[in-house]
Amino acid sequence: MEVQLKPEHTQLLNQIAKDQCMDNFTIEAKSMDQEGYLSSIVLVTLKCEKSQLNLVVKLRPSSGFENLEVATVYKVEVYMYETAFNVLNNFACDSGMKSPKLNTPKYYGRHELDFIVLENLKEKGYRLWNRKIPMNSAHLSLVLKEYAKLHSMSFAMKKKQPRQFAELIEGLQKCRENENIKVYEDFFKIALQTGFTATKNNVKASEIMVRLQNKIPKLEEVFKFDIEAHVLVHDDCHPNNMMFKYDCSGNPVTVSLIDWQMARLSTPVLDIAYFFLTCGSKEDFYHYKEYLKLYHEELSKNLSEMSCNPEEIFPYSQLQLHWQKCSVIGMYTALLVIKLSLFEQSEIGHEEKGGDFYKQFSIDQINAKQYQTRILDVLLFMEQENLI
């Protein structure tokens, strides 16, 4: 659906076109509002006689949510694009990493905290995975390698340039200085409610949910576990936040991580467990050690290229300890994000904006049986591996 751009939108787009040396250009805009959970999305094409530029404009909802500070997450995303990625990429390049650039969308600018402009990856051949089904091994492996790249940059910079890394993280934390801790309390509360509802007819799974509930008071120490090994993490590993490019045979060859509104300092396992438990299949769960090794091999390769000793910085045994202690965080996340992934588009109502962000998780879902099956698979795996 075509949309009427506001003057501030047009002003920034005109500047972008000028920077790209585009003359006598036209602006075409259409709404893709249904694709954003915390944003309204407008697809923009700048056209002139010799070229065109395809862009995504992410608009911050004016009303926000009563239990989610949208301004905070927009500050975080702006900081990541304007500061963090440049610092990390430049450090990795200077340190000798062979592929030193994180694969994120090109950033073109913003207007205050109202909207940001990025390149449209779909027009470059990138595609989303079908969020309603678990990813296959090729896609899981590609994403874990990209997370290993992100984490290795943090580890290496913290080792070689500790003051600069501390400044980078301090800037990120300033973006969150007005963050309401109640957001996280609400998150864990609704995650448990959703899990109990899904497992009420399965005695074994219900017992596991009780154990999960009993871990809530101890989560603070989980988040603080081995804090010296914490790195910059994505922390928004929903399948819609990663886009893939394929070769002529249909094999994924590149992944771009998008939506950086939740980025923070935490254990690397926050990304690994969140992603793996949300996007993996029952069959892949029981091969998790192979995926941990794949991640660590990529991490070690990157660290070695940056003249760092992986056995000194983050050996595989330490990764195993983090997984054993912290992967439970990914279980709570999976309870909600798998449900979100299985929503039909008609079930995601933008009329909810301005209300309770978590209300959408309490609706009777069209794909409820599929959700129950997926959650049972995760719970039984975590219990069998003594992770709950």
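Is it the case that Thr333 is assigned to a helix (DSSP H, G or I), more than 22 Å from the chain's Cα centre (by Cα), over 30 Å from Ser95 (Cβ atoms) and at pLDDT 90 or above?
No; evaluated as a whole, the condition is false for this residue.
What are the residue pairs meeting all of these: first residue in the stretch 293-309, first residue closer than 16 Å to Phe91 by Cα and free of Cβ contacts under 8 Å to residues at least 40 places away in the same chain, second residue of a type outside the set (A, V, I, L, M) and part of a helix (DSSP H, G or I), Cβ atoms under 8 Å, and 6 or more apart or on different chains?
Ser304/Pro310
Identify, please: which residue in the stretch 157-173 is buried (at least 16 other Cβ atoms within 10 Å of the Cβ) and of a type outside the set (D, E, K, R) and is, among those, farthest from Leu336 (Cα to Cα)? Lay out the reasoning, then the answer.
First pass over the stretch 157-173, keeping only residues buried (at least 16 other Cβ atoms within 10 Å of the Cβ): 157-159, 161, 165, 168-169, 172.
Imposing the further condition that a residue be of a type outside the set (D, E, K, R) reduces the set to 157, 161, 165, 168-169, 172.
Values: Met157: 33, Gln161: 37, Phe165: 32, Leu168: 30, Ile169: 28, Leu172: 25 Å.
Only one residue fits best here, namely Gln161.
Any chance you could count how many residues in the stretch 211-238 are closer than 21 Å to Ala334 by Cα and in contact with a Pro (Cβ under 9 Å, 6 or more places away or on another chain)? If you could, list the steps in order and put the result at the bottom.
Here is the first cut: in the stretch 211-238, the ones closer than 21 Å to Ala334 by Cα are 211-225, 232-238.
When the remaining residues are screened for being in contact with a Pro (Cβ under 9 Å, 6 or more places away or on another chain), the result is 233.
Residues flagged as closer than 21 Å to Ala334 by Cα and in contact with a Pro (Cβ under 9 Å, 6 or more places away or on another chain) within the stretch 211-238 amount to 1.
Looking at the stretch 73-109, which of its residues are over 24 Å from Ala156 (Cα atoms) and buried (at least 20 other Cβ atoms within 10 Å of the Cβ)?
Of everything in the stretch 73-109, those that are over 24 Å from Ala156 (Cα atoms) and buried (at least 20 other Cβ atoms within 10 Å of the Cβ) turn out to be Val73, Tyr74, Lys75, Tyr108.
Out of Ala273, Ala263, I need the residue that is closer than 19 Å to Glu82 by Cβ and either at pLDDT 95 or above or surrounded by fewer than 22 Cβ atoms within 10 Å (Cβ to Cβ) (or both). Which one? Lay out the reasoning, then the answer.
Details: Ala273 fails: closer than 19 Å to Glu82 by Cβ.
Just a single option satisfies the conditions, and that option is Ala263.
Of everything in the stretch 156-179 that's of a type in the set (S, T, N, Q) and in a helix (DSSP H, G or I), which residue is nearest to Phe85 (Cα to Cα)? Walk me through how you get there before you give the answer.
Here is the first cut: in the stretch 156-179, the ones of a type in the set (S, T, N, Q) are 161, 164, 173, 178.
From the residues that got through so far, the ones that are in a helix (DSSP H, G or I) too are 164, 173.
On the way: Gln164: 14, Gln173: 15 Å.
By that ranking, first place goes to Gln164.
Would you mind telling me which numbered condition in (1) assigned to a helix (DSSP H, G or I); (2) at pLDDT 95 or above Ile133 fails?
Here Ile133 meets the rest and fails (1).
Which pairs do you get when a residue that is under 20 Å from Leu336 (Cα atoms) and at pLDDT 80 or above, found in the stretch 174-187, comes within reach of a residue that is surrounded by 16 or more Cβ atoms within 10 Å (Cβ to Cβ) and of a type in the set (Ser, Thr, Tyr), reach meaning Cβ atoms under 7 angstrom, with the pair 6+ apart or on two chains?
These pairs meet every condition: Asp186/Tyr358.
The values are calculated or read from the model by the stated rules, or taken from the named source; none is laboratory data. Since the structure is predicted, the reported quantities are computational estimates derived from the model, not experimental observations. Counting neighbours? That spans all protein chains shown, and the Cβs are built from the backbone with ideal geometry, glycine included.
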